[in-house]
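Values in this text are rule-based calculations from the coordinates and carry no lab data. Only a predicted model underlies this, so the values are computations on that prediction, with no experimental measurement involved. Reconstructed Cβ throughout: ideal geometry from the backbone, glycine too, with neighbour counts over all protein chains shown.
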Amino acid sequence: MKYFNGKVAAITGAASGIGKALAKELATRKCHLALSDVDQAGLDKAKVELSTYGVKVTTQRVDVADQKQVHNWADNVVKEHGKVNFIFNNAGVAMGGSVECSSYADYEWILGINLWGVIYGTKAFLPYIKETKDGHIINISSVFGIFSQPTQSGYNMSKFAVRGFTESLRQELDILKSGVSATCVHPGGIKTNIAQNARMLDSMSSFTGGDNIDAMKEKFESLFLTTPEKAAKKILASVVDDKRRVLVGPDAYVLDIMQRGLPVSYQKLVTASFNFASR
């Protein structure tokens, strides 16, 4: 099944970043598109751009943290396209702050989008994808779903959970032999707006040498190495090859190697680097 021509792909977080790059790359391969995001203006713009590729493009404003909205979107995708072969659960947000100073509401916010959005998207689309006997579920975790960092407890928690959820799902699908597969994606730093849109708590300054929030966001962005377009190509290649896990970007490979080689003591290296940087 590992081709895209004539198939239908649903993508969350499709108005920008990796989601939009995936949509464009899929359109070049003649895959029809069902796009969602909370950014209606961004969706409208993407639809105009992508419609020039000669594929059907539908859009719907969806908050992936809302179960009813996600299920309604899945139903509408099948009504509008007749089927759906792929769901790319890509929508995500970032948050920085200490455990002590992060509120329960902060954790609920990031888990609602990064984890529950993936769960809702998977469960809403899986029955429809199984009907095609020719589909794939692609869940976007992060290298921070492999490697933990101070100030990233919320983000780490959500992305580690996506990894565990997707790896369990993949094994179930392999056993059932339903024609559906699953891949967990672990991007490193991708040149998107995720840092600028992140929820940065005041407690971050205690770990970054007193930088203000704007300076912290710029510092994080300076570490991003991979374009969304390169990420999209790597992700689609992993679907074609039916990979269980895919790392995206050179930094993802470096951190994965560090975690494999130093599964516990890497934390000491990270702590030392934070102490040095905050001088």
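Would you check which residues across segment 17-34 are of a type in the set (Val, Ile, Thr) and under 16 Å from the mean Cα position of the chain (by Cα) and list them? Please lay out each step first, then the result.
Restricting attention to segment 17-34, the residues satisfying the condition of being of a type in the set (Val, Ile, Thr) are 18, 28.
Residue satisfying the conditions is Ile18 alone.
Does any residue of segment 71-81 turn out to be out of contact with any Asp or Glu (no Cβ under 6 Å at 6 or more places or on another chain), in a loop (DSSP other than H, G, I, E, B) and touching a residue at least 40 places away in the same chain (Cβ under 8 Å)? Full working, then the answer.
As a first pass, look at segment 71-81 and keep what is out of contact with any Asp or Glu (no Cβ under 6 Å at 6 or more places or on another chain): 71-81.
Keeping just the survivors that are in a loop (DSSP other than H, G, I, E, B) gives none.
Scanning segment 71-81, I find no residue that is out of contact with any Asp or Glu (no Cβ under 6 Å at 6 or more places or on another chain), in a loop (DSSP other than H, G, I, E, B) and touching a residue at least 40 places away in the same chain (Cβ under 8 Å), so the answer is no.
Within segment 103-129, take every residue that is under 13 Å from Thr166 (Cα atoms) and among the aromatic types (Phe, Trp, Tyr) and give me the one that is nearest to the chain's Cα centre (by Cα).
Trp116
Filter segment 45-60 down to the residues that are free of Cβ contacts under 8 Å to residues at least 24 places away in the same chain and more than 21 Å from the chain's Cα centre (by Cα), then identify the one that is nearest to Val8 (Cα to Cα).
Residues of segment 45-60 that are free of Cβ contacts under 8 Å to residues at least 24 places away in the same chain, as a first pass: 47-48, 51-52.
Next, only the ones that are more than 21 Å from the chain's Cα centre (by Cα) stay: 48, 51-52.
On the way: Val48: 18, Ser51: 14, Thr52: 17 Å.
Checking each candidate, the answer is Ser51.
Would you check which residues across segment 120-161 are over 20 Å from Val8 (Cα atoms) and part of a helix (DSSP H, G or I) and list them?
To start, the set of residues in segment 120-161 that are over 20 Å from Val8 (Cα atoms) comprises 141-161.
Matches in segment 120-161: Val143, Phe144, Gly145, Ser153, Gly154, Tyr155, Asn156, Met157, Ser158, Lys159, Phe160, Ala161.
Within the bounds of segment 64-87, is there any residue that is of a type in the set (Val, Ile, Thr) and within 19 Å of Pro228 (Cα to Cα)? Can you show your working first?
Here is the first cut: in segment 64-87, the ones of a type in the set (Val, Ile, Thr) are 64, 70, 77-78, 84, 87.
If we keep only those that are within 19 Å of Pro228 (Cα to Cα) too, we end up with 87.
Among the residues of segment 64-87, at least one is of a type in the set (Val, Ile, Thr) and within 19 Å of Pro228 (Cα to Cα), which makes the answer yes.
Return the residue satisfying two criteria in turn: it lies in segment 85-96 and is touching an Asp or Glu at 6+ places or on another chain (Cβ under 9 Å) and in a loop (DSSP other than H, G, I, E, B), and of such residues it is nearest to Gly13 (Cα to Cα).
Start the filter on segment 85-96 by keeping residues that are touching an Asp or Glu at 6+ places or on another chain (Cβ under 9 Å), which leaves 85, 91, 95.
Now restrict to residues that are in a loop (DSSP other than H, G, I, E, B): 85, 91.
Details: Asn85: 18, Ala91: 4 Å.
So the residue we want is Ala91.
Based on this model, can you work out whether Lys30 counts as out of contact with any Ser or Thr (no Cβ under 6 Å at 6 or more places or on another chain) and not β-branched (Val, Ile, Thr)? Break it down into steps so the answer makes sense when it comes.
Numbers: out of contact with any Ser or Thr (no Cβ under 6 Å at 6 or more places or on another chain): yes; not β-branched (Val, Ile, Thr): yes.
Judged against the criteria, Lys30 is a match.
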